[in-house]
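J.: I am attaching a structure below and will ask some questions about it afterwards.
The values are calculated or read from the model by the stated rules, or taken from the named source; none is laboratory data. Note that this is a predicted model, so its numbers are computed, not measured. Backbone-built Cβ (ideal geometry, glycine too); neighbour counts: all protein chains shown.
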Amino acid sequence: MKKLLPILFVLFAVLPAAAQQYQATPAKGAAMHGYPKYGWNFKNFDYVNPDAPKGGTLTMAAFGSFDTFNPFTIKGVPAAGTGLLFDTLMVESADEPFSEYGLVAETVEMPKDRSWVAFNLNRKARFSDGSPVTADDVVFSFDILRAKGLPMYRYYYGNVEKATAESPRRVLFTFKAGDNRELPLILGQMPVLSKAYWQNRDFTATTLEPPLGGGAYKVAAFETGRYVVYERDPDYWAKDLPSVKGFNNFDRIRYDYYRDATVAVEAFKTGAFDLRVENEAKKWVSAYNGFSQKDGLVKGEFSHGLPSGMQGFVFNTRRPLFADRRVREAVGLAFDFEWSNKNLFYGLYKRTQSYFDNSELAAKGLPKGEELKLLNAYRDKLPAEVFKKPFSLPKTSGDGNIRPQLERAFKLLEEAGWTVQDGVLKNAQGRPFAFEILLDSASAPAWERIALPYVRNLKRLGIQAVVRAVDTTQYKNRTDAFDYDMIVNIWGQSTSPGNEQRYFWGSKAAAAAGSQNYAGIENPVVDDLIEKVVEAADRKKLVAAVRALDRVLLWEYYVVPHWYVPSTRLVYWDKFGKPAGSPMKGVQLMSWWIDGKKDAALRKKRAGGRNQAAGREKTVFQQVREWF
């Protein structure tokens, strides 16, 4: 060993300076802050069953239609489940705030300041045609996603200076100046595409040719607007990796398309598909009456530790009508959550009071400590309430009497130059206050029952609001182009917010077609606070920056907040096995499996039910014959 040391020293000494600069200790995982939970020799994640049996079919519902298998561009409506076709560099764990472990990348290297990251690819990594995944494929994926992919990729990868294939199995990403601790993990989430497959195809076009991927599933069959079936690849190269073990247990995954949720629920009750996430309180309480676990149907609530995110009526502030903060606050006051919760939701929901409710990231009380320090820098640019009052939405009695809220709304509207003339709210130019709430027809029945009472309350203010539902394709085209007055949207949030906040609220995203800045926010303070979130060096600083961002978004009234429930509600037929417990990030459906005994018992129950139905039909027929 002593003889080798001088040789190794000489070899290292003659390496190019650039190569020496981008060398670090390889690791199997990386965490946003601190160290990842799972060590170098971990066998599988704690929340999976590594010996889960393979087999069977999982059937689920999708809505509307689809016209492409390319989910990475703005054009078209992707088929449900297209993510099954592609592998990413790394895999995020579900029982940590934000940590990732190797998939296509066997190991990851980065310095303490995270000014670059290198991924060393697994030599076994393959696309589904058997061709190897190379560093050139990774660089190609990065370049084409940033140049021609969804707008979010340009925001996610905006701080990347360059991607370089240093060898067939090593990719180096160097970053622009500035702190962005999340960027190595963001790059770890990047899907890896085949350069050989895509380089001579139009990446921006819609396509119904199933693309070459490297994931655990391939497209087996489809009919546009009716169904798509994915089949597990028995030769999937990564099936025994620690980050994959215990997942992808279904031989086939099928999505059947339905017009809307009402039709889908009726189909589900006949056994047409296996599992449904039930987001509607009315359906959760009453749609499955008459069924029980004896019939093979299970209703389960699965708790999680995720922020609730923000769901609400979204103002398009690009419209002059909603440019005034006072107007937005006034229009929001007409939404009576307590009445809706009592009369429509069976009292099951909590009013959303934060973009990060159900977590430590939510702004509560008055700003203090590190958060106050951040906000003080913008004191002259923020509403005075940010520093004087905890944000809180008004609470009504739930009996439909919202006179105090409407009086406050009238006052705000008058301050903004609106007055009631002949029962209609008009501005100084005599233009009526009128707008449209745009809905996707696939989900319209659920939202109309919430939007129409809201419209009635707005009418009491002299506001002429209408609800309009359009088909899924038209809805996507209009929302991509920001062609609406108001929509309903849900922004999900993670336990470790970061670069995606630029895509949600950043000024540059407001003008980028297809971004998720649906509110059209162009606010320099919001932009600065997003960068504070991205640059946060530790968890404490991250929490303070997110709370400050949350508080500013709330007081600017970009959204009329709805409600949340701190769990996932599933209705499913009793044919599944699943790991014990529920990790921080909730249900991990791909770790479930078909339990052979349960599946057989369910089939027997259904056969018995059909026989009983046939017997009832025979009895009726016999009675009719006797009558005649």
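J.: Do the conditions hold for Gly520, that is, is it among the small types (Gly, Ala, Ser), surrounded by 17 or more Cβ atoms within 10 Å (Cβ to Cβ), touching a Ser or Thr at 6+ places or on another chain (Cβ under 6 Å) and touching a residue at least 12 places away in the same chain (Cβ under 8 Å)?
T.: Numbers: among the small types (Gly, Ala, Ser): yes; surrounded by 17 or more Cβ atoms within 10 Å (Cβ to Cβ): yes; touching a Ser or Thr at 6+ places or on another chain (Cβ under 6 Å): yes; touching a residue at least 12 places away in the same chain (Cβ under 8 Å): yes.
Against the criterion (among the small types (Gly, Ala, Ser), surrounded by 17 or more Cβ atoms within 10 Å (Cβ to Cβ), touching a Ser or Thr at 6+ places or on another chain (Cβ under 6 Å) and touching a residue at least 12 places away in the same chain (Cβ under 8 Å)), Gly520 qualifies.
J.: Before we move on, is Phe66 surrounded by 19 or more Cβ atoms within 10 Å (Cβ to Cβ), modelled with pLDDT of 90 or more, over 20 Å from the mean Cα position of the chain (by Cα) and not in a strand (DSSP E or B)?
T.: no
J.: Say we look at the stretch 220-240 and pick out the residues that are surrounded by fewer than 21 Cβ atoms within 10 Å (Cβ to Cβ) and aliphatic (A, V, I, L, M); which of these is farthest from Ala272 (Cα to Cα)?
T.: Only one residue tops the list, namely Ala220.
J.: Let me ask something additional. Testing Lys239 on (1) within 30 Å of Gly39 (Cβ to Cβ); (2) in contact with a Lys or Arg (Cβ under 9 Å, 6 or more places away or on another chain); (3) in contact (Cβ under 8 Å) with a residue 24 or more places away in the chain; (4) not hydrophobic (A, V, I, L, M, F, W, C), one condition comes back false. Which one is that?
T.: Status for Lys239: all satisfied but (3).
J.: Residue under question is Val314, and the condition is that it be among the β-branched types (Val, Ile, Thr) and more than 25 Å from the chain's Cα centre (by Cα); does it hold? Before the answer, list the steps.
T.: Working: among the β-branched types (Val, Ile, Thr): yes; more than 25 Å from the chain's Cα centre (by Cα): no.
Taking the combined requirement at face value, the residue does not satisfy it.
J.: Same structure, new question: Have a look at Glu96, Glu106, Glu166, Glu100 and point out the one that is charged (D, E, K, R), in contact with a Leu (Cβ under 8 Å, 6 or more places away or on another chain) and more than 23 Å from Lys195 (Cβ to Cβ).
T.: Details: Glu96 fails: in contact with a Leu (Cβ under 8 Å, 6 or more places away or on another chain); Glu106 fails: more than 23 Å from Lys195 (Cβ to Cβ); Glu166 fails: more than 23 Å from Lys195 (Cβ to Cβ).
Answer to the check: Glu100.
J.: Also, quick follow-up: Show the residue pairs meeting these rules: Cβ distance below 9 Å; 6+ apart or different chains; first residue within the stretch 388-416 and at negative phi and without any contact (Cβ under 8 Å) to a residue 24 or more places away in the chain; second residue in a loop (DSSP other than H, G, I, E, B) and surrounded by fewer than 16 Cβ atoms within 10 Å (Cβ to Cβ).
T.: Lys388/Leu366; Lys389/Leu366; Pro404/Pro394
J.: Please verify whether the stretch 94-103 includes one or more residues that are in a loop (DSSP other than H, G, I, E, B), more than 28 Å from Val228 (Cβ to Cβ) and of a type in the set (Asp, Glu).
T.: Residues of the stretch 94-103 in a loop (DSSP other than H, G, I, E, B): 94-98, 103.
Now restrict to residues that are more than 28 Å from Val228 (Cβ to Cβ): 95-98.
Applying the additional criterion that residues be of a type in the set (Asp, Glu) yields 95-96.
Yes, the conditions are met somewhere in the stretch 94-103.
J.: Go through (1) within 22 Å of the chain's Cα centre (by Cα); (2) surrounded by fewer than 18 Cβ atoms within 10 Å (Cβ to Cβ) for Asp538 and report which single condition fails.
T.: It fails just one condition, (1).
J.: Output the residues belonging to the stretch 390-421 that are within 28 Å of Lys368 (Cβ to Cβ), out of contact with any Phe, Trp or Tyr (no Cβ under 9 Å at 6 or more places or on another chain) and surrounded by 12 or more Cβ atoms within 10 Å (Cβ to Cβ). Full working, then the answer.
T.: In the first step, residues of the stretch 390-421 are kept if they are within 28 Å of Lys368 (Cβ to Cβ); the result is 390-395, 408.
Filter once more, keeping what is out of contact with any Phe, Trp or Tyr (no Cβ under 9 Å at 6 or more places or on another chain): 390, 392, 394, 408.
Correct list: Pro390, Pro394, Arg408.
J.: Continuing with this model, one more query. Within the stretch 453-484, work out how many residues are closer than 22 Å to Gly398 by Cα, in a helix (DSSP H, G or I) and either within 21 Å of the chain's Cα centre (by Cα) or touching a residue at least 60 places away in the same chain (Cβ under 8 Å) (or both).
T.: The qualifying residues number 4.
J.: In the stretch 179-197, which residues are assigned to a helix (DSSP H, G or I) and either on the phi > 0 side of the Ramachandran plot or in contact with a helix residue (DSSP H, G or I) (Cβ under 7 Å, 6 or more places away or on another chain) (or both)?
T.: Result: Ile186, Lys195.
J.: Further question: Can you pull out every residue in the stretch 285-299 that is out of contact with any Leu (no Cβ under 6 Å at 6 or more places or on another chain) and at positive phi?
T.: Hit for the stretch 285-299 is Gly290, nothing else.
J.: Six or more apart or on different chains, Cβ under 7 Å: which pairs go from a residue in the stretch 543-560 that's within 18 Å of Glu500 (Cα to Cα) to one that's small (Gly, Ala, Ser) and assigned to a helix (DSSP H, G or I)? Could you list them?
T.: Every condition considered, the pairs that remain are Ala544/Gly369.
A quick yes/no check of all residues on (1) among the β-branched types (Val, Ile, Thr); (2) touching a residue at least 60 places away in the same chain (Cβ under 8 Å); (3) not in a loop (DSSP other than H, G, I, E, B):
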{"residue": "Thr107", "(1), (2), (3)": "yes, yes, yes"}
{"residue": "Arg114", "(1), (2), (3)": "no, yes, no"}
{"residue": "Asn120", "(1), (2), (3)": "no, yes, yes"}
{"residue": "Ser128", "(1), (2), (3)": "no, yes, no"}
{"residue": "Asp136", "(1), (2), (3)": "no, no, yes"}
{"residue": "Ile144", "(1), (2), (3)": "yes, no, yes"}
{"residue": "Ala147", "(1), (2), (3)": "no, no, yes"}
{"residue": "Arg154", "(1), (2), (3)": "no, yes, yes"}
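J.: A further question on this structure: Just the residues that are of a type in the set (S, T, N, Q) and within 31 Å of the chain's Cα centre (by Cα), please, taken from the stretch 366-395. Steps first, please.
T.: Our first condition is that a residue be of a type in the set (S, T, N, Q); within the stretch 366-395, this holds for 376, 392.
Once the filter is applied, which keeps residues that are of a type in the set (S, T, N, Q) and within 31 Å of the chain's Cα centre (by Cα), the stretch 366-395 yields only Ser392.
J.: Continuing with this model, one more query. When only residues in the stretch 122-139 that are in contact with a strand residue (DSSP E or B) (Cβ under 6 Å, 6 or more places away or on another chain) and within 27 Å of Ala177 (Cα to Cα) count, which is surrounded by the fewest Cβ atoms within 10 Å (Cβ to Cβ)?
T.: Asp136
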